[in-house]
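Below: one structure, written as C-alpha cells.
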Amino acid sequence: MIFSRNRKDQVEERMNAAVRDEIEHLKTLPVQQLAALPPWAERKLFINNSEVVLYVWRTLRSNGEHLLTAQATRKLIYGLLIYLSKAEGFMVSETGVIRSLGADELKSSWRGLHLSNRIKPYMHTAAHGEIERLKALPLPQLTALPPLTERKRTVDHKKIDLFVWHDLLPDGEHQLVVHAARQTMRGVVCLGEGFAISSTGVARDLNTDELKAFWRRLSYITSQGKPHLYVLVHNEIEHLKALPVQQLAALPPLTERKLTIDHQKIKLRIYRKLLPSGEHQLVAQASQSTFWNGVYSWAEGFSISSTGVVRNSDDAEMDSFFA
C-alpha cells in the first residue's frame, strides 16, 4: 500500500509537470501559430506505465485575446473515476503580450472531466473536420449555403448529427457554426465551432460570445426536431431586414398568415413593437400544432433604428418579448 501511494504521488507530480512543460512550450510559439491551434487538442502520454491524456484548449475571447489552458487526466478503477491534474494557462494578446491566468480564469479549464467523460475525441473530429471542409469552399459557394444544413456522419463507428448554421449579418459578414451532437443515455452531448468570413473572403474564428448565440437554436432543434420552422422564421427575418425602415414602421402590431409546408399546417406571426428608445422590434414566430406533443414553435427577432441600423435580438430580449 505504501508503494502504491508513493507511485500514485509520483504519477500525479509528473502529470502536473507535463502540464507545466506544455504551457511553457506554448509560450515560446509565435502568436500567429497559437491563433491557428484548434479549439481542442489531446495526446496520450505514458507516465510510470499509466496512460495519461493531456488536453490543450484555445478559446478566442471577444477582445481578441487567446486563452490557452492545459490539463491532464488519468482514469482510475477501470475508468469509473478520473484524476485531474492541476490546470495551467495563459492569455496572449493580438500583439503577442502574454499574461498569466488568475484562479477565476483557470476555472474554465476544469472542463477536462466533462470532455474526457462525455465529449469524446470523435466529437471534436466531426465538428473540426466539417469546419475545415467549409473553410476550403469558394466564397460564392459558402455564402450560398442555406440557413441550416443537417447531415449525419460516422466517426469511429459512432453516429453523429452535424448541424451547420449560416447567418448573414447586417455588415455583410457571414457567420458559420458547426454543432456536432450525439444522443446518449445522459442526454444530448454537443460540441460547437465556428468562423466568420467577410464579403472579401477574410476569415476569422468566432469568439465565445458569438458562439453562445447559436446554442439556443441547437437546443430547440435537438429538443423539438422541427428544422423547417427554424428555416421558415429565419428566411422571414431576412426578408423583413431587406425592407425600408418606413415600411417596417408602418406594419401593424401583429400580422398572421397560415402556410402549408410539406403537408404540414403552420402559423406564421409577425410582431412589431415600438421600443422606448425609438427602435422598432420585429419578431417572427412560426408554430405548428401536433396531436401527440402539443405546439412546437420557433421565434427570432431584430430591432431597427429610425436611421435603419439593424441589431439582432439576443436571447434575453426574446425571452422578455414573450414574457
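Structural remarks
- Backbone amide hydrogens, once placed in the peptide plane, bring VAL155 within less than 5 Å of ILE160, excluding anything fewer than 5 places away on its chain.
- Here LYS86 is the anchor, and the lysines within straight C-alpha reach of less than 25 Å, apart from those fewer than 8 places off in the same chain, are LYS8, LYS27, LYS44, LYS75, LYS107, LYS120.
- This model, with +1 at the C-beta of Lys and Arg and -1 at the C-beta of Asp and Glu, gives the chain a dipole about its Cα centre of some 1140 debye.
- Set of lysines near LYS258 by C-alpha distance (under 24 Å), chain-local residues within fewer than 8 positions excluded: LYS226, LYS241, LYS267, LYS273
- Normalised Debye scattering of the chain at q = 0.11 Å⁻¹ gives log10 I(q)/I(0) of -0.84, counting only Cα atoms as equal scatterers and leaving out solvent.
- Here the range 236-298 and the range 172-222 have alpha carbon centers that stand 24 Å from each other.
- Computed over protein heavy atoms with a 1.4 Å probe, the carbon and sulfur contribution to the accessible area of the chain reaches 55%.
- Per residue Cα convex hull volume in Å³ - calculated over the range 246-294: 91 Å³
- For a straight C-alpha distance cut-off of 20 angstrom, the aspartates and glutamates reachable from LYS159 (same-chain residues fewer than eight places away being disregarded) are GLU130, GLU132, GLU150, GLU193.
The values are calculated or read from the model by the stated rules, or taken from the named source; none is laboratory data. Small disclaimer: the values here were computed from a predicted structure and weren't measured. Virtual Cβ from ideal backbone geometry, glycine too; neighbours counted across all protein chains shown. The protein model used for the area step is the full one, side chains on, heavy atoms only, and it has no ligands, DNA or RNA in it. Shrake-Rupley method; radii C 1.70, N 1.55, O 1.52, S 1.80 Å.
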